[in-house]
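Here is the structure we will look at.
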Amino acid sequence: MSGVLGAFLRRDFREAVTYKFSFVSSLAGMLLSLATFYFVAKLVPPGSPSLGPFGGDYFSFAVVGVAFSGLLGMFQEGLSAVVRSAQLSGTLEALLVTPVPIPVILFGSSLYSLLFQIFRTALHLAVAAAFFGLAFGRVDVAGVAAVGLLTVVCFLSVGVLSASFILVYKTGNPFSWILGTVSGLLGGVVFPVSLLPPWIRWASSLLPVTYALDGMRKSLLASAPFSAVLPDIAALAVFDVLLVPLSLAAFRLAVRKAKKDGTLSHY
Amino acid sequence: MSQAPAVLVQGLVKRYPVFRGFRELIRHPFDRRTVTALDGLDLEIGPGRVFCLLGPNGAGKTTLIKILAGLVLPDGGRALAGGRDVAREPGPARSAVGCAIGDERSFYWRLTGRQNLEFFGALYGLRGPAGRRRIDELLRLAGLDEAADLRFSGYSTGMRQMLSLARALLADAAILLVDEPTRSLDPQAADRTREFLRDELAGRRGKTVLWATHDLGEAADCADDIAVISRGRIRLGGPAASLAAGGREALRRAYEKAVGEAEGRP
């Protein structure tokens with residue numbers, strides 16, 4: 001298994017280094033985003049009540065939101081993106097005739113992007129702390145680990161649901177739209193959910209990103225103890241319990257349907 | 001006692017759903033129209049034989065190969081590769097076949113030929129010094145040792161086809177499935193590919209080759225056995241020595257008669 005995953009990593013690294021300016025442009029995009037939020041944050045006075053639970057500093061709030069929502073987006077869409085890309089490039093069939101199980105092909109194909117996005121998120125936070133004054137609190141490692149683990153499982157499950165949809169219907173992935181676009185508005189990425197009017201605030205409680213960002217910010221920025229993030233951990237655990245079996249069943253059904261219809265490698 | 005067949009297909013049926021537009025879906029939501037690709041196909045290929053499958057476009061050649069490769073599930077009947085049922089034991093059945101069925105888009109164009117084989121080789125468990133030796137051997141066998149470290153995007157169509165055959169040999173499976181391997185090749189490259197399949201893979205290495213082609217001359221020259229498929233069934237089959245005994249023209253006449261009868265033409 002590790003040899004197979006290593007082969008996928010080597011393949012994607014070898015391809016990535018042939019695109020010489022990709023990393024440079026991605027780094028430039030990150031710096032521009034940080035600079036933008038640095039100046040926007042000057043409009044928000046420190047100690048705003050809605051930022052209180054997250055350390056009180058808008059720049060830190062927004063940077064953690066943007067950095068982690070990018071990471072979660074990759075977990076959510078990485079798997080379906082690799083299926084779509086292999087359908088379009090024509091490599092899917094060649095992968096599927098190998099003895100490697102389809103879930104391993106799927107995970108292996110997206111592993112490099114996922115690891116690279118984790119590195120990018122860490123770099124984002126490190127650059128923000130070193131040059132723009134991102135203020136970490138007393139970081140609760142257990143809280144970060146628990147929220148992080150449950151969040152990864154949750155968003156990978158959504159990723160498997162998306163990949164199942166793409167295997168059968170090829171485009172128009174509704175999970176990406178619902179959880180990607182709506183999460184940007186209602187999930188508390190760049191402003192606290194408490195600012196939303198009550199009639200719509202309930203919708204944010206249905207989105208896993210709300211709990212993921214809430215737990216991460218409290219653990220990273222607000223020096224909150226583990227007990228303070230327990231509600232977020234409980235909510236994410238409920239999402240995991242529902243989404244893991246659902247996504248695995250959907251994936252099995254999707255592979256079977258695509259093989260029955262003869263459309264496994266169609267695009 | 002006769003040897004067990006390398007490939008055994010009995011009563012194989014495959015129907016694909018017909019694509020319908022929104023209007024049709026709204027007017028007849030429960031209508032499930034299908035088109036029949038394989039209609040109770042029977043086939044047996046002995047070990048070490050080169051079996052050429054001829055037939056017009058849409059006859060079912062590629063569907064049969066994709067079922068044997070595990071990419072498509074049959075609706076009825078059974079297909080065995082190396083004695084394993086492709087629907088019931090997909091893992092072992094897949095290990096029994098090597099496939100050269102994808103077109104040139106099935107490679108990573110920004111990687112070299114060697115890097116492509118290293119990647120696919122790792123998926124077949126070829127790693128470390130033994131894996132590298134095997135890949136060197138396959139590159140040499142395919143005549144690509146000098147071009148091994150060039151990017152795939154710089155390969156000619158003939159070189160891409162040879163790399164595709166080299167990839168099909170990574171697992172050293174006993175059965176090779178090849179779908180129109182000489183399509184788009186110039187005459188010299190096509191001859192090299194035919195010699196490689198017939199003399200090297202089948203002749204020296206004892207592989208069973210199921211070879212789909214439109215080229216009657218290719219079948220007459222290379223096959224041990226020939227079958228003509230039309231409308232999802234085998235319409236004519238037998239040893240090449242007998243079907244092509246009267247030369248290519250005799251094979252052409254037999255082919256046209258078999259296909260014409262299947263299509264209801266006089």
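The values are calculated or read from the model by the stated rules, or taken from the named source; none is laboratory data. The structure displayed is predicted, hence computed values, not measured ones. Positions of Cβ are generated from backbone atoms using ideal geometry, with glycine treated the same way; all protein chains shown enter the neighbour counts. The accessibility values were calculated without ligands, DNA or RNA, using every heavy atom of the protein model including side chains. Shrake-Rupley method; radii C 1.70, N 1.55, O 1.52, S 1.80 Å.
On the given criteria, is B:Asp42 open to solvent by 40 Å² or more (accessible area, probe 1.4 Å), among the acidic types (Asp, Glu) and assigned by TED's automatic domain parsing to the domain that holds B:Gly203?
It is true that B:Asp42 is open to solvent by 40 Å² or more (accessible area, probe 1.4 Å), among the acidic types (Asp, Glu) and assigned by TED's automatic domain parsing to the domain that holds B:Gly203.
Does A:Lys170 meet the test of being basic (Lys, Arg) and out of contact with any helix residue (DSSP H, G or I) (no Cβ under 6 Å at 6 or more places or on another chain)? Spelling it out, A:Lys170 is indeed basic (Lys, Arg) and out of contact with any helix residue (DSSP H, G or I) (no Cβ under 6 Å at 6 or more places or on another chain). Would you call B:Ile229 under 23 Å from B:Gly131 (Cα atoms), open to solvent by less than 30 Å² (accessible area, probe 1.4 Å) and modelled with pLDDT of 95 or more? No.
Scanning segment A:153-202 for residues that are open to solvent by less than 20 Å² (accessible area, probe 1.4 Å) and without any contact (Cβ under 8 Å) to a residue 60 or more places away in the chain gives A:Leu186, A:Leu196. Taken together, the criteria exclude A:Ser48 from residues that are in contact (Cβ under 8 Å) with a residue 60 or more places away in the chain and away from every other protein chain (no Cβ under 14 Å). Within segment B:97-109, residues that are within 7 Å of chain A (Cβ to nearest Cβ) and within 15 Å of B:Thr62 (Cα to Cα) have Cβ atoms under 8 Å from residues that are part of a loop (DSSP other than H, G, I, E, B) and not aliphatic (A, V, I, L, M) in these pairs: B:Gly102/A:Gly90; B:Gly102/A:Thr91; B:Asp103/A:Gly90, counting only partners at least 6 apart in sequence or on another chain. Residue check: B:Arg110 meets all listed conditions (1) surrounded by 22 or more Cβ atoms within 10 Å (Cβ to Cβ); (2) in contact with a helix residue (DSSP H, G or I) (Cβ under 9 Å, 6 or more places away or on another chain) but one, namely (1).
Cβ separations smaller than 7 Å between residues 6+ apart or across chains give the following pairs from segment B:4-17 residues that are open to solvent by 30 Å² or more (accessible area, probe 1.4 Å) to residues that are outside any strand (DSSP E or B): B:Ala4/B:Gly83; B:Pro5/B:Gly46; B:Arg15/B:Asp75; B:Tyr16/A:Asp261; B:Tyr16/A:Gly262; B:Pro17/A:Asp261; B:Pro17/B:Arg32. Looking at the structure I just gave you, is A:Ser205 open to solvent by 40 Å² or more (accessible area, probe 1.4 Å), more than 14 Å from every other protein chain (Cβ to nearest Cβ), small (Gly, Ala, Ser) and more than 16 Å from A:Leu156 (Cβ to Cβ)? Judged against the criteria, A:Ser205 is a match.
Every listed requirement among (1) within 11 Å of chain A (Cβ to nearest Cβ); (2) hydrophobic (A, V, I, L, M, F, W, C); (3) open to solvent by less than 10 Å² (accessible area, probe 1.4 Å) is met by B:Ile135 save one, (1). Please work out which residue is farthest from A:Gly108 (Cα to Cα), limiting yourself to segment B:120-153 and to residues that are more than 24 Å from the chain's Cα centre (by Cα) and not in a helix (DSSP H, G or I). For segment B:120-153, the residue satisfying everything is B:Glu146. Within the set A:Leu79, A:Leu125, A:Leu72, A:Leu114, the sole residue that is surrounded by fewer than 22 Cβ atoms within 10 Å (Cβ to Cβ), over 16 Å from A:Leu27 (Cα atoms) and under 19 Å from the mean Cα position of the chain (by Cα) turns out to be A:Leu114.
Elements of the type strands (runs of 3 or more DSSP E) sitting completely within segment B:166-255 and holding at least 2 residues that are in the same structural domain as B:Gly48 (by TED's automatic domain parsing) and in contact with a Phe, Trp or Tyr (Cβ under 6 Å, 6 or more places away or on another chain): these cover B:225-230.
Could you tell me whether segment B:18-35 includes any residue that is at pLDDT below 95, within 12 Å of another protein chain (Cβ to nearest Cβ), open to solvent by 30 Å² or more (accessible area, probe 1.4 Å) and more than 23 Å from B:Ile229 (Cα to Cα)? Checked against the condition, which is being at pLDDT below 95, within 12 Å of another protein chain (Cβ to nearest Cβ), open to solvent by 30 Å² or more (accessible area, probe 1.4 Å) and more than 23 Å from B:Ile229 (Cα to Cα), segment B:18-35 yields at least one hit. Residues that are among the polar types (S, T, N, Q) and open to solvent by 60 Å² or more (accessible area, probe 1.4 Å) are absent from segment A:47-58 altogether. The set of residues in segment A:156-174 that are among the aromatic types (Phe, Trp, Tyr) and under 17 Å from A:Ser109 (Cβ atoms) contains only A:Phe165.
Across segment A:133-140, a minimum of one residue is classified as in contact with a helix residue (DSSP H, G or I) (Cβ under 7 Å, 6 or more places away or on another chain) and crowded, with 22+ Cβ neighbours inside 10 Å. Note on segment B:56-71: residues that are at pLDDT 95 or above and not in a helix (DSSP H, G or I) total 0.
Taken over segment A:237-260, the criterion of being open to solvent by less than 70 Å² (accessible area, probe 1.4 Å), touching a residue at least 24 places away in the same chain (Cβ under 8 Å) and within 14 Å of chain B (Cβ to nearest Cβ) is satisfied by A:Ala254, A:Val255, A:Ala258. Quick one: is B:Lys61 more than 12 Å from every other protein chain (Cβ to nearest Cβ) and buried (at least 22 other Cβ atoms within 10 Å of the Cβ)? In short, yes. The single condition among (1) more than 18 Å from B:Ile45 (Cα to Cα); (2) open to solvent by 10 Å² or more (accessible area, probe 1.4 Å); (3) of a type in the set (S, T, N, Q) that B:Thr193 does not satisfy is (2).
Considering only residues that are closer than 30 Å to A:Pro99 by Cβ and either away from every other protein chain (no Cβ under 14 Å) or touching an Asp or Glu at 6+ places or on another chain (Cβ under 8 Å) (or both), which ones fall in segment A:1-32? A:Ala7, A:Arg10 - these are the residues of segment A:1-32 that are closer than 30 Å to A:Pro99 by Cβ and either away from every other protein chain (no Cβ under 14 Å) or touching an Asp or Glu at 6+ places or on another chain (Cβ under 8 Å) (or both). Remark: B:Ala250 falls outside the filter, which requires a residue to be at pLDDT below 90, out of contact with any Lys or Arg (no Cβ under 6 Å at 6 or more places or on another chain) and within 14 Å of chain A (Cβ to nearest Cβ).
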